[in-house]
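In what follows, a structure is listed as structure tokens, so that the remarks can point back to it.
Nothing in this text is a laboratory measurement; each read-out follows from the coordinates by a stated rule. In this text, all values refer to a predicted model and were calculated from it rather than measured experimentally. Positions of Cβ are generated from backbone atoms using ideal geometry, with glycine treated the same way; all protein chains shown enter the neighbour counts.
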């Protein structure tokens, strides 16, 4: 695992703050990874993504294997060079989006065959091919191919799915192409069943990975059940390896997961919401499409360091959203990513100072107040 | 006209280079004004627009009066403050877009009534209301309300239309609300008829304006006829006032118009093309959607100072265009605006050095070569 390491620097209860080191740069944890679906964090220049405070971005294997194709990315010098993001990149395995986006998908022991949702081309994704693709993309953290167990699932369904994911994890590790500073993470499955989660975690550790993800959450089970699953899963994960909660989440999902010992997150929410006129603030979400902002000269969020808040009014952002201007997506995405980075920065700081509980209480009460001040 | 002035600094044949001074900053001529239709130069942060070299942007009265409305812009501190562009802004009169975009429009001596293309609201645009709106927007250069004579027009139609525009120009000047550094420009009409253009220019000078636009061109007449009209119109305009060719154009249209003594231009082409995957280069237009770019690791244009060329490959830009990523619009628009600003910068420099003919020959032969090098 040359060039890849993780150290816990401070803990506060189950929560930890630490540092992942890779050859392409350090990742401060808890870390939020903006999603760069198709080789771009939508509506952002990569240097602006970095300005928000991001240490790492995520690339989607499914999208990239379809277009422009992993082989083409490799010919262009890899994903970092192609998208002008020299820092760490994590790629998922492609499995999750095959199951949610692709057509005519067929899953068996070998892998998943499917048709591209873009042009109908036939593909086969196996653990071996997923490792090959992630190697071609050249990301720093690879993910094993797994089946994201649908929710709800019976115990028998969840067990069969978890066992398949375990076999695929073993094949993924065997096929993983090591490179300096590169790591392959395992993914714990088992739906909402504590003993399945424990068995999955144990089986993966027997295979051995430098990091572990918790998968199969944020798929409709709700925040309370998600936290329940973390409560029974995280204790089965090794203390000295980073823990990544995939596809999560809303700000308070992240806060609750950090409290439960999670180190890494990714989610399309800040970027997707940014393109829909929805902003995240310390006082909860603000829908800038709402007519009440039309004459509001105040910044979206007082004291925020992002360009949307420093240089524009709510009224102008409202106008841009209504007029469907690209600048609306650019500015609100920038704000939202800044919000998420400031959230994790605040959590890191609070954990380091041993005052996480008070910090979480302050965040929670801020969100609860709501964005209700009259102009 | 306190705070607004124009000085010709050098000439080369009919071409001139000079400086317009306003209280919000200087405008180097020949100048290209990026179009900020609805209070934003589409897909660009204003600081990025400035980085391309733009001294002034254009705002569209028609779009802004409909949404967010001139009164709302005024309440938000004016257009400069609302859109975070502290430098000069020119607003058109709204007339051109009423005739091209609005519904149920009816033109008579008083003005134009129409329905918003956005929500069907009924509006009336008169010379007086156009001046009021441009005052509320707070732009630095206002344009008289005119009728952009459709092409083709018979001589009788063109004469009647030109005479109406002259009467509206007089009413516009009477209603114009002076402010420090603010100027109102007249607009020469007369279609393709030399004696009508001459009469229009004379009538406007009798009214008296600090700048003169040539209107009614770039409406389908073709480059040769446009140049013919400039040849017979520009000599009737005063040497000591800026000359603005409205809505023009392609790079070689601008070059030919500068040679004929035009100082200012605006056009949606670099921004609109940027959103359609079309890039302007010194070797002519490049359609980045074309599959031949899919594996091309070269920059869009060698030596270009814009971020699209400095940091990305043609293959990546092609990918972004195909994937309909917002970043495609952002980067290609940035490139195109840089191209247009470099074009006018080069023309200013050549005129200053008295070697415009050689410079124009070099530009023209560059465009003629085409973008044909194999990767």
remark   = If R0 = 30 Å, then residue B:121 and residue B:287, at their Cβ-Cβ distance, give a FRET efficiency to the nearest 0.05 of 0.20
inquiry  = Over the Cα atoms of the stretch B:1-127, what radius of gyration and what Dmax do you get, in Å?
reply    = 16.9, 50
request  = Please give the helix A:326-352 orientation as an angle from the longest Cα principal axis of chain A, in degrees from 0 to 90, rounded to the nearest 10.
outcome  = 70
For a label point 7 Å along the Cα-to-beta-carbon line of residue B:364, residues of the stretch B:216-247 with backbone N under 13 Å = B:224
query = What share of the DSSP beta bridges in the stretch A:5-267 is antiparallel, in percent to the nearest 5?
reply = 50
request  = Express the relative contact order of the stretch B:274-369 as a whole percentage, based on alpha carbon pairs under 8 Å and six or more residues apart in sequence.
outcome  = 34
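Tell me the mean residue ellipticity at 222 nm calculated for the protein assembly as shown from its helices only (DSSP H runs of n ≥ 4, each -39500 (n - 2.57), averaged over every residue, nearest 500). Intermediate results must be reported in sequence, preceding the final value.
On the way: 30 runs with 318 residues, N = 750.
Roughly -12500 deg cm²/dmol at 222 nm, from the helical runs in the protein assembly as shown.
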query = For chains A and B related by rotation, which residue of A has the Cβ nearest the axis, and what is the rounded distance in Å?
reply = A:326, 3
query = Using mean Cβ contacts within 10 Å as the protection proxy, how do A:251-258, A:99-106 order, highest first?
reply = A:251-258, A:99-106
query = In nm, to one decimal, how far is the residue A:109 label point from the residue A:355 one, both placed 7 Å along Cα→Cβ?
reply = 5.8
request  = For the stretch B:97-188, state the average projected area of the convex hull of the C-alpha atoms over all orientations, rounded to one decimal in nm².
outcome  = 6.2
key: Gyration tensor over alpha-carbon atoms, the protein assembly as shown, equivalent ellipsoid semi-axes in Å   = 57, 28, 21
Per-selection Rg to Rh, the stretch A:274-369 - Cα, Kirkwood hydrodynamic radius = 1.03
remark   = Cα-based Rg then Dmax for the stretch A:207-363, in Å, read 17.5, 59
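Please report, in whole Å³, the volume per residue of the convex hull around the C-alpha atoms of the stretch A:164-236. Let's see the in-between values first.
Numbers: hull volume 6.7 nm³, N = 73.
About 92 Å³ per residue, rounded to a whole number.
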inquiry  = If I model the stretch B:1-59 as equal point scatterers sitting on the Cα atoms and use the Debye formula, what is log10 I(q)/I(0) at q = 0.16, 0.20, 0.21, 0.23 Å⁻¹?
reply    = -0.59, -0.82, -0.87, -0.95
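Considering only DSSP beta bridges where both residues belong to the protein assembly as shown, give the percentage that are antiparallel (nearest 5).
Working: 46 of 86 bridges.
Once the DSSP bridges in the protein assembly as shown are tallied, antiparallel ones form about 55 percent.
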request  = Please give the helix A:356-369 orientation as an angle from the longest Cα principal axis of chain A, in degrees from 0 to 90, rounded to the nearest 10.
outcome  = 60
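Can you compute the FRET efficiency between residue A:272 and residue B:195 using 1/(1 + (r/R0)^6), with r the Cβ-Cβ distance and R0 = 60 Å? Round to the nearest 0.05.
Working: r = 60 Å, r/R0 = 1.00.
It comes out at approximately 0.50.
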note = What one gets for the stretch B:68-133 as the Kirkwood radius, inverse of mean 1/r over different Cα pairs in Å, is 13.1
query = Using the C-alpha atoms of the stretch B:5-266, what convex hull volume per residue, in cubic angstrom, is computed?
reply = 116
message = What do you get for the angle between helix B:194-207 and the principal long axis of chain B? Use alpha-carbon atoms, 0 to 90 degrees, nearest ten.
response = 60
key: Label-point separation in nm, residue A:324 to residue A:14, each point 7 Å along Cα→Cβ   = 4.5
key: Peptides B:171-179, B:240-248 ordered by average Cβ neighbours within 10 Å, highest first   = B:240-248, B:171-179
remark   = The relative contact order of the stretch B:39-182, taking Cα pairs under 8 Å that sit 6 or more residues apart, comes to a percentage of 23
inquiry  = What distance in nm lies between label points placed 7 Å from Cα along the C-beta direction at residue B:167 and residue A:47?
reply    = 5.5
query = How big is D, in µm² s⁻¹, for the stretch A:222-295 by Stokes-Einstein at 4 °C and 1.567 mPa s if Rh is the Kirkwood radius over C-alpha pairs?
reply = 92
ask   = Put a point 7 Å out from Cα along the line to Cβ at residue A:345; what are the distances to that point in the other copies, in nm, shortest first?
value = 3.3
